[in-house]
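The structure under discussion appears below in the form of structure tokens.
Please treat every number below as a calculation from the coordinates, not as lab data. Note that the structure is a prediction, hence the values are computed from the model and not measured. Here Cβ is always computed from backbone atoms with ideal geometry, including for glycine, and neighbour counts include all displayed protein chains.
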Amino acid sequence: MEERVYNFSAGPACLPMDVLKQAQKDFISYGESGMNVMEMSHRSAEYQSIIDTAGADLRELLNIPDNYDVLFLQGGASMQFAMVPMNLMTKHKKIHAVNTGQWSRKAIAEAKKFGEVNVVASSEDKTFSYIPKLSAELFTPDADYVHITSNNTIYGTKYTKLPPVGNLPLVSDMSSCILSEEINVADYGLIYAGAQKNIGPAGVTIVIARKDLVENAPEDIPTMLRYKTHADNGSMFNTPPTYAIYIAGLVFKHLKKLGGVSEMEKINREKAAMLYDFLDNSSLFSATVSGADRSMMNVPFVTGDAELDKEFVAEAKKAGLVNLKGHRSVGGMRASIYNAMPEDGVRTLIAFMAEFEAKHR
Ligand code: PLP
């Protein structure tokens with residue numbers, strides 16, 4: 001087998017080795033089918049079983065209550081920036097939103113096309129390096145829902161507690177943190193996530209939505225953009241992204257084998273603590289986010305010298321530690337350590353950073 005690298009990409013991101021191996025085993029013929037899953041009719045009994053099992057395993061992993069639909073859609077999280085307001089901005093034609101970075105901003109811009117968006121708080125004043133404090137008075141009841149981005153992929157921040165939204169449905173973009181730690185789905189009206197970080201290949205988008213919200217959506221929106229269309233048809237109104245759903249299903253099985261989301265959270269906490277501890281004690285590197293709002297998934301850091309940052313990224317790549325360049329809007333470095341990044345990958349990165357630090361003291 002060819003040599004693998006440690007891939008710290010923010011997404012698409014690395015997949016668990018046993019998932020890749022299973023996919024390799026199934027590649028020429030899935031089970032007795034004599035064909036690859038991507039060659040299979042989505043109307044076949046075999047494929048029906050693949051999508052049903054994936055949905056059931058996701059329900060089990062997140063303990064999703066029965067009054068929620070689980071949908072496998074397309075168009076990425078970016079499509080949800082429009083689908084959410086189209087379907088949910090029904091009564092007040094107004095929402096509350098928190099701006100914690102570029103992805104929040106894009107969700108806000110899209111929602112503005114369908115009604116009023118009240119941005120209750122923003123962390124733009126400090127390059128989105130924190131989560132704003134949110135008090136209950138901000139969330140007046142004259143809104144259809146509240147939109148947040150649970151984990152901010154670019155800036156490396158995350159919510160550690162729920163915003164006090166009262167009875168308003170809370171909608172969260174969990175693209176870069178779904179399945180990384182335990183959540184209570186019932187706290188949310190709707191959760192969406194592009195798959196390419198913690199779930200599987202790009203091309204499938206997960207939506208977990210309370211059934212009453214799905215039911216109440218207007219009838220005059222385009223068929224494909226209506227959640228109810230997909231809920232009524234088991235995510236098979238049209239051809240779904242069959243192969244991406246199959247791989248997502250393998251990832252769900254892998255997580256169950258590991259011990260579920262609670263076990264994954266424990267591992268993620270350990271990985272993130274190792275890296276932040278190193279950064280906090282380093283004389284060369286420092287994390288750009290401090291305090292409680294630090295993401296467990298995306299860890300941005302800098303040396304303070306743009307040229308040295310560049311050298312670090314290039315040297316790391318030579319050592320098999322790839323995609324460590326920070327987002328173009330922030331600079332520096334960013335290590336994305338999603339579920340599939342093994343603890344050994346983080347240890348190897350830390351050892352490499354210590355070596356680099358010793359050379360550049
Ligand atoms: N939301 C968050 C938090 C993201 O990190 C990303 C992509 O990185 C997106 C939305 C956009 O996702 P997609 O490319 O699936 O539209």
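Which whole-angstrom value gives the distance between the alpha carbon centres of the range 236-279 and the range 324-344?
16
In whole Hz, what ³J(HN,Hα) sequence does the range 292-308 give by Karplus (6.51, -1.76, 1.60; θ = phi - 60°), x for Gly and Pro?
5, 7, 5, 6, 8, 9, 10, 10, x, 8, 9, 9, x, 10, 4, 5, 5
Among TYR145, TYR243, which comes first, second and so on when ranked by fewest other beta-carbon atoms within 10 Å?
TYR243, TYR145
Counting other beta carbons within 10 Å of each Cβ, put GLU137, GLU60 in order, fewest first.
By the 10 Å Cβ count, ascending: GLU137, GLU60.
In whole angstrom, note down how far apart the Cα centers of the range 298-319 and the range 178-204 are.
Their Cα centres are 29 Å away from one another.
With both partners inside the range 18-258, how many of the DSSP beta bridges are antiparallel, as a percent to the nearest 5?
45
Tell me the Rg and the Dmax, in Å, that the Cα atoms of the chain produce.
Every Cα atom of the chain included, Rg and Dmax give 20.8, 64 Å.
In debye, nearest 20: dipole of the chain around its Cα centre with unit charges on the Cβ of K, R (+) and D, E (-)?
Here the size comes out at about 500 debye.
Tell me which trypsin sites (Lys or Arg not before Pro) from the range 125-170 have a DSSP coil assignment and no more than 12 other beta carbons within 10 Å of their own.
Hits after loop and neighbour filter: LYS133, LYS161.
Regarding the range 25-166, what are the three Cα extents along the principal axes, ordered largest first, in Å?
58, 34, 29
Among rounded, prolate and oblate, which fits the range 15-74 when a ≥ b ≥ c are the square roots of the eigenvalues of its C-alpha gyration tensor, a/c under 1.5 means rounded, and a/b larger than b/c means prolate?
In terms of gyration-tensor shape, oblate.
Compute the length gained on full extension between LEU308 and LYS25: take 0.36 nm times their separation in residues and subtract their Cα-Cα distance, giving the result in nm to one decimal.
That pair, LEU308 and LYS25, stretches by 97.6 nm at full extension.
Rank these for me by crowding, THR205, THR239, going from fewest to most other beta carbons within 10 Å.
Final ranking by Cβ density, sparse to dense: THR239, THR205.
What residue among SER235, SER282, SER78 shows peak mean-square fluctuation when the chain is described by a Gaussian network model with Cα springs under 10 Å?
Highest fluctuation of the listed residues: SER282.
Would you mind telling me which residue in PHE72, PHE301, PHE285 has the biggest mean-square fluctuation in a Gaussian network model of the chain, where springs connect alpha carbons within a distance under 10 angstrom?
Of PHE72, PHE301, PHE285, the most mobile in the Gaussian network model is PHE285.
As a test of the formula, what do you get for the chain when each DSSP H run with n ≥ 4 contributes -39,500 (n - 2.57) and the sum is divided by the residue count, at 222 nm and rounded to the nearest 500 deg cm²/dmol? Before the final figure, lay out each step's value.
Numbers: 10 runs with 129 residues, N = 361.
Result for the chain, helices only: -11500 deg cm²/dmol.
Which of HIS147, TYR192, GLY34 sits closest to the plus end of the dipole of the chain, meaning its Cα is farthest towards the positive end, when Lys and Arg get +1 and Asp and Glu get -1 on the C-beta?
HIS147
Past 20 Å, Cα to Cα: identify those pairs from LYS197/LYS325; LYS113/LYS161; LYS317/LYS359; LYS197/LYS266; LYS158/LYS317, in the order given. List each step's numbers first, then the result.
Working: LYS197/LYS325 17 Å; LYS113/LYS161 29 Å; LYS317/LYS359 17 Å; LYS197/LYS266 18 Å; LYS158/LYS317 27 Å.
Violating the 20 Å Cα-Cα cut-off are LYS113/LYS161; LYS158/LYS317.
Give LYS25/LYS310; LYS94/LYS228; LYS106/LYS318 a once-over and call out the pairs whose C-alpha atoms are over 29 Å from each other.
LYS25/LYS310; LYS106/LYS318
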